[in-house]
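The values are calculated or read from the model by the stated rules, or taken from the named source; none is laboratory data. If you're wondering where the values come from, they're calculated on a predicted model, not measured in any experiment. Cβ atoms come from the backbone with ideal geometry, glycine included; neighbour counts cover every protein chain shown.
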Amino acid sequence: MEQPQPDSMPQDLSEALKEATQEVHTQAENAEFMKNFQRGQVTREGFKLVTASLYHIYGALEEEIEHNKENPVFAPLYFPEELHRRAALEQDLAFWYGPRWQESIPYTQATRRYVRRLHEVGRREPELLVAHAYTRYLGDLSGGQVLKKIAQKALDLPSSGEGLAFFTFPNIASATKFKQLYRARMNTLEMTPEVRQRVLEEAKTAFLLNIQLFEELQELLTRDAKDQSPSQAPDLHRRAGSRVQGSTPTETSGAKPQPSILSQVPLIRWILTLSFLVATVAVGLYAM
């Protein structure tokens with residue numbers, strides 16, 4: 001006889017994911033960095049860095065989605081025309097870095113860790129791609145739209161949308177209706193209780209990977225601001241030309257990876273400091 005689910009465990013996977021990640025959502029909502037971004041305190045350099053990292057991340061995610069598009073553990077969530085972001089990010093990078101952007105964009109240590117995890121999931125546990133796709137794409141469709149308007153104003157970008165293609169979904173007429181469809185498809189996925197629990201845990205992992213990534217970028221921007229003083233200029237030149245040990249080439253693009261521009265940040269700082277992309281996801285999921 002099947003055991004009834006406790007009241008605290010939602011039946012639908014989408015609701016279970018929202019509940020399981022509620023604590024990290026609350027942290028993201030209260031993060032100082034998020035509050036600053038909402039005030040329009042975002043720089044061009046910071047926006048360029050985050051766009052470059054997103055390119056590597058979505059390249060990895062979408063490569064693994066393509067590998068698993070016919071796998072029943074993910075197939076119902078395959079919406080390449082509506083959701084995939086890599087081509088849009090390529091447009092944005094050309095805007096921000098110029099036509100030779102592939103030779104210029106950074107590839108940080110935390111970005112590499114995120115990319116590595118996406119490849120591990122896609123190749124060994126493709127059912128966990130559900131957590132990453134849900135966290136990324138539905139966040140983009142929700143909170144990302146708020147951040148698009150803020151960035152457009154703060155960075156004085158043209159109203160025609162150059163530099164912000166990432167936030168534009170031309171094949172989705174209604175974000176609200178599409179999110180409803182996506183959640184409904186997600187809730188049809190057949191999972192054992194064990195697999196379901198792993199998906200919930202992977203969603204938390206996705207948040208932590210974002211926290212690590214953007215704390216690293218925030219630290220980089222802070223260091224660069226300090227390095228603007230004349231006394232720090234020689235050190236800045238040396239750091240820009242040095243290569244971090246242990247870096248590995250990207251598996252998802254033809255671009256030659258750039259040397260990592262940060263040393264590894266202690267884990268405790270990853271947990272305590274959040275980024276505006278985590279904020280994007282947090283706002284997005286709460287808005288659904």
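Among the residues of the range 173-190, count how many are under 24 Å from residue 24 (Cα atoms) and not in a helix (DSSP H, G or I).
Going through the range 173-190 one residue at a time, the tally reaches 1.
May I ask you to list pairs of residues, at least six apart or on different chains, whose Cβ atoms are under 8 Å apart, with the first in the range 59-73 being free of Cβ contacts under 8 Å to residues at least 24 places away in the same chain and the second being of a type outside the set (A, V, I, L, M, F, W, C) and surrounded by 14 or more Cβ atoms within 10 Å (Cβ to Cβ)?
Taking only residues 6 or more apart or on different chains, the pairs are 69/78.
Mind checking which residues of the range 91-114 are closer than 16 Å to residue 211 by Cα and in a helix (DSSP H, G or I)?
109, 110, 111, 112, 113, 114
Return the residue satisfying two criteria in turn: it lies in the range 115-172 and is among the acidic types (Asp, Glu) and not in a helix (DSSP H, G or I), and of such residues it is farthest from the chain's Cα centre (by Cα).
Residue satisfying both the conditions and the ranking: 156.
Let me confirm something: among 136, 113, which residue is over 17 Å from residue 82 (Cα atoms), basic (Lys, Arg) and in contact (Cβ under 8 Å) with a residue 24 or more places away in the chain?
On inspection, the qualifying residue turns out to be 113.
Run residue 79 past the list (1) touching a Lys or Arg at 6+ places or on another chain (Cβ under 8 Å); (2) crowded, with 16+ Cβ neighbours inside 10 Å; (3) at pLDDT 95 or above; (4) farther than 16 Å from residue 48 by Cα and report the number of the one that doesn't hold.
Among (1) touching a Lys or Arg at 6+ places or on another chain (Cβ under 8 Å); (2) crowded, with 16+ Cβ neighbours inside 10 Å; (3) at pLDDT 95 or above; (4) farther than 16 Å from residue 48 by Cα, residue 79 violates only (1).
Could you check, for the range 212-226, whether at least one of its residues is under 17 Å from residue 141 (Cβ atoms) and either within 21 Å of the chain's Cα centre (by Cα) or surrounded by fewer than 19 Cβ atoms within 10 Å (Cβ to Cβ) (or both)?
no
Select from the range 54-69 the residues that are touching a Phe, Trp or Tyr at 6+ places or on another chain (Cβ under 8 Å) and farther than 16 Å from residue 127 by Cβ and list them in ascending order.
54, 56, 57, 60
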